[in-house]
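Quick notes on the structure that follows.
The values are calculated or read from the model by the stated rules, or taken from the named source; none is laboratory data. Keep in mind that this is a model prediction, so the values were computed, not measured. Counting neighbours? That spans all protein chains shown, and the Cβs are built from the backbone with ideal geometry, glycine included. Areas reflect the complete protein model, heavy atoms only, side chains present, ligands, DNA and RNA absent. Shrake-Rupley method; radii C 1.70, N 1.55, O 1.52, S 1.80 Å.
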Amino acid sequence: MNNLLLLGDEAIAQGAIDGGISGIYAYPGTPSTEIMEYVQASKQAAELKIHCKWSANEKTAMEAALGMSYAGKRAIVCFKHVGLNVAADAFVNAAITGVNGGLVVLSADDPSMHSSQNEQDSRFYAKFAMIPTLEPSNQQEAYDMAYTAFELSEKLNVPVMIRITTRMAHSRAGVQRKAVKQQNKLSLPSNPRQFVLLPAIAKVNYKKLLDTQAIMNTLAEESEYNRLIKGSDTKLGIIACGIAYNYLMENISSNVNHYNVLKISQYPIPHKQIKELYSLCDELLVLEDGYPIVEEMIRGFLNNGKTIHGRLDGSIPRDGELNPAIVAKALGMAVSEGFPIPEVVRKRPPSLCVGCGHRDVFTDLNVALQEYGTGRVFSDIGCYTLGALPPFSAVNSCVDMGASITMAKGAADAGLVPAVALIGDSTFTHSGMTGLLDAVIENSSITVIISDNSTAGMTGGQASSALGRIVDICKGIGVDPNHLKVLSPIKKNHEENVRILKEELAYNGLSVIIPQRECIQTFARRKKAERRAAGKDTD
Amino acid sequence: MKADIILAGVGGQGILSIAAGIGLAAVKSNLYIKQSEVHGMSQRGGDVQSHLRISDKPISSDLIPQGQADLILSVEPMESLRYLPFLSKKGWLVTNTIPFENIPDYPAIDQILAEVKKVPNHIALDADAIAKDIGSAKSSNIVMLGAASPFIDIPFEKLQEGIRELFGRKGDEVVEANLKALKAGRDYTEKSR
């Protein structure tokens, strides 16, 4: 088969397509977005009629994937690590229902928080749900794991997690493909009550899940992805998980026979190999991107065995992603120095694009709020979070998807009136609607601004479930039409928009204001595509 | 053979098209490649970099170890300095001299260029002007790739093939303009080394 140059994300997408999926479900989130985008652009996936539409949020995606599994077919669900928080209810319980068709949960972690609000480690979730995790160390493994994970899922009757990090997701390398597998046929679960988690049934299912743990352990010990590589040094043994193995090899590849190394890419952790490594060496060093989960398990609370080095004893920094230099230092190796960064270099944080409608929303809002003072704007997850930075310095919170409306409501309940919620269109349909219902029921004194740019902008312009529906949704939820206003956030409307904002801020009840202007990025792309279609532009 | 290259610029400046050009040339030369990119928030006008590693042997790390890059190729002068801790003492810094000013405290360009000149091996060129001179103002990134090409151990013809493939679907005119840009950049460096 042909050799492709693929991002880790793309390798997973291609592996899942070749592995016989009938559907992929996802909500965009860096660094996972490119998996769905690859399937959407794939001619092969179109010919195979693989379902590949964005879901409204990660929970709906997870549940739809579980439904496809119920119907006997293979499905993958993809999101970023914090998306797993949203999907967690369905995710944890899917381990209790078990699967029918193979079900793979792809969670993309972001150590160093390149594009996220935390660096939580999805491996904890898989351990919590008691399901296996596959963690590729390179793009070929990413492909291979996505290709075979569905069979593992069907064999063990549980969802299987594939855990990657930003570096794996967004790094490109050559990938060798395998033969395309047939999709499963439609089939009902052999036990009609398997997915009915009434306590009496859940208890039986849970015992089955517990019984399966021993098989998961054995499979991890026998996995081709877990390897004990013997060396001559009996002082320090090294455990390297996932992509950490690459950083280790970068440093020791010229001397591979020196260290005893255990490469781990399939969990639960392989007990047999860890015990063997432990017996071979005086001390262990654990290298893992993310939280020190393996390190904690081996060290234990009492910490009365051999010395374990890693993030917990300071051999590796407690936070942030790994890199070759960090690993070299932990090994006591010399690190080459480049040149220092000259003082003249300034920080260059991301900023809202020139021509972005959110800019006008902030300009209007800042003026309208002047009489009330600062500290009352609750924002959300999206490009508009950048409004926290100068020159706007306009928002006071960014916590999780949908939190703007509900936090504003709570602050208003406490007496901070008016409180303002600022949320984007895609985030609103993701998790804002239910919070808006809370505010409708109490007619809370908050002003909700749904800054509608008709796309999921921050992640690169994916289709927004809210497109063309926001006004109807607000009306349907019960927002008073007299306090539901649609604006056009452009410079020449500044004064008019400020007037409307002031009016609604002064209203002692719930208002929803919807500034609508297409994202400048998707607008430019659309225009370019139109010009190209007309044969007028060759750039 | 190995070439560890840091590509630098500002989100939106298109450094990934340079990476793609080199990547295609590497694939055509049957070399191993790993290329780590920045997607997401920083693409909104923040600093972005890509680690591009090419070798005739398998490559382990997706990231270039600090102090070991053979080349920093930057399409923006201040950004060329941000990654100096990665540059090997023998490495080359190749940068465009035209600033991209989207922050209020952007330093004076003279100060930046003075720092560029302190790097023992450096090439600083006005790629925008060169691109304009050859009648292809949009090709400044490919001028930069050409200017860096003497320091990338891949035959120049392979880079040309990479450019042909990269721009092929946009028609012969665009391909020719970019091949010209590649050559103009290379000529600049060969004259000024």
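What to note about this one:
- Less than 5 angstrom separates the built amide H of B:L87 from those of A:F339, B:G67, B:A69, all sequence-distant by 5 or more or on a different chain.
- All lysines inside 27 Å of A:K475 as judged from Cα atoms, apart from same-chain residues fewer than 8 positions distant: A:K53, A:K59, A:K409, A:K485, A:K502
- Per the Debye formula on identical point scatterers at the alpha carbon atoms of the range B:3-106, with no solvent, log10 I(q)/I(0) at q = 0.15, 0.16, 0.18, 0.22 Å⁻¹ is -0.59, -0.67, -0.84, -1.19.
- Loop-located trypsin sites (Lys or Arg not before Pro) across the range A:154-202 with a Cβ neighbour count of 16 or fewer within 10 Å are A:K178, A:K181, A:K185, A:R193, with loop assigned by DSSP.
- Working note: Cα gyration tensor of the range A:16-146, eigenvalues times five, square-rooted, sorted largest first, giving semi-axes of 21, 18, 14 Å.
- Per-residue ellipticity at 222 nm from helix content only, as computed over chain A with -39500 (n - 2.57) for each DSSP H run of at least four residues, stands at -12000 deg cm²/dmol.
- Quotient of C-alpha Rg and 2.2 N^0.38 Å, computed over the range A:117-166: 1.18
- Rel. contact order, % - alpha carbon contacts under 8 angstrom, at least six apart, chain A: 11
- Those residues of the range B:121-150 for which accessible area with every protein chain present is at least 30 Å² below the isolated value (1.4 Å probe): B:K138
- Two-site FRET efficiency, B:D172 against A:Q176, from Cβ-Cβ distance with R₀ of 35 Å, rounded to 0.05: 0.55
- Rounded tilt (10° steps) of A:494-506 against the dominant C-alpha axis of chain A: 80
- Based on the Kirkwood approach, the hydrodynamic radius assigned to the range A:357-523 is 15.3 Å, with every pair of different Cα atoms included.
- Across all C-alpha atoms in the range A:231-330, the radius of gyration and Dmax reach 12.4, 37 Å.
- Two-site label geometry, B:A137 and A:L188: point separation in nm, points 7 Å out along Cα→Cβ: 6.8
- For the range B:27-73, the spread of Cα positions along each principal axis, largest first, Å: 35, 25, 19
- Nearest-10 value in Å² for the accessible area of A:R526, using the 1.4 Å probe: 100
- Distance from the C-alpha centroid of the range A:321-398 to that of the range B:88-153: 26 Å, rounded to the whole angstrom.
- Counting only alpha carbon atoms, the long axis of helix A:433-442 and the longest principal axis of chain A meet at about 50°.
- Using a simple spin-label model with pseudo-atoms 7 Å out from Cα toward Cβ, B:K2 and B:D56 lie 1.4 nm apart.
- Annotation: amide H-H contacts under 5 Å for B:E76 (H modelled 1.01 Å from N, sequence separation of 5 or more, or interchain): B:N96.
- Each of A:Y225, A:Y278, A:Y38 has its accessible area taken with a 1.4 Å probe; listed largest first, they run A:Y278, A:Y38, A:Y225.
- By the rule of a C-alpha distance below 24 Å, with chain neighbours fewer than 8 residues away ignored, the lysines paired with B:K138 are A:K527, A:K528, A:K536, B:K158, B:K170, B:K180, B:K183, B:K191.
- Distances between every pair of Cα atoms in the range A:3-222, grouped in 10 Å steps from 0 to the bin holding the largest one, split as 9, 37, 38, 14, 1, 0 percent.
- Value of Rg to Rh for the range A:466-539 (Rh from inverse mean 1/r over Cα pairs, i.e. Kirkwood): 1.16
- FRET efficiency for the pair A:D313 and A:I229, taken as 1/(1 + (r/R0)^6) with r the Cβ-Cβ distance and R0 = 25 Å, rounds to 0.55.
- The protein assembly as shown: Cα Rg divided by the 2.2 N^0.38 Å rule of thumb: 1.00
- Taking the alpha carbon gyration tensor of chain B, multiplying each eigenvalue by 5 and rooting it gives semi-axes of 22, 21, 16 Å, largest first.
- Here the Karplus relation 6.51 cos²θ - 1.76 cosθ + 1.60, evaluated at θ = phi - 60°, turns the backbone of the range A:365-370 into coupling constants of 5, 4, 5, 5, 8, 3 Hz, with x for every Gly and Pro.
- If R0 is taken as 60 Å, the Cβ-Cβ distance between A:E371 and B:R164 corresponds to a FRET efficiency of 0.45.
- Taking a ≥ b ≥ c as the square roots of the Cα gyration tensor eigenvalues, the range A:181-267 comes out prolate, since a/c reaches at least 1.5 and a/b is larger than b/c.
- Selection from A:N304, B:V27, A:V204 lying farthest towards where the dipole of the protein assembly as shown points positive, charges on Cβ: B:V27
- Rounded to 10°, Cα long-axis angle of helix A:520-533 versus longest principal axis of chain A: 80
- Tensor-based shape of the range A:251-405 (alpha-carbon gyration tensor, a/c under 1.5 rounded, otherwise prolate or oblate): prolate
- Loop-located trypsin sites (Lys or Arg not before Pro) in the range A:438-521, at most 16 other Cβ atoms within 10 Å (DSSP): A:R469
- Those lysines that a straight Cα-Cα span of less than 22 Å connects to A:K49, excepting residues fewer than 8 apart in one chain: A:K73, A:K178, A:K181, A:K185
- Directionally averaged shadow of the range A:374-459, computed from the convex hull of its alpha-carbon atoms, nm²: 5.2
- Using a 1.4 angstrom probe on protein heavy atoms only, the contact between A and B buries about 4300 square angstrom of accessible area, both sides summed.
- Å² of accessible area per residue within the protein assembly as shown, as computed with a 1.4 Å probe and no ligands counted: 40
- Contour minus Cα-Cα distance for A:V256 and A:A46 (0.36 nm per residue): 71.1 nm
- Estimated D of the range B:95-185 in µm² per second, where Rh is the Kirkwood radius over Cα pairs and Stokes-Einstein applies at 10 °C, 1.306 mPa s: 111
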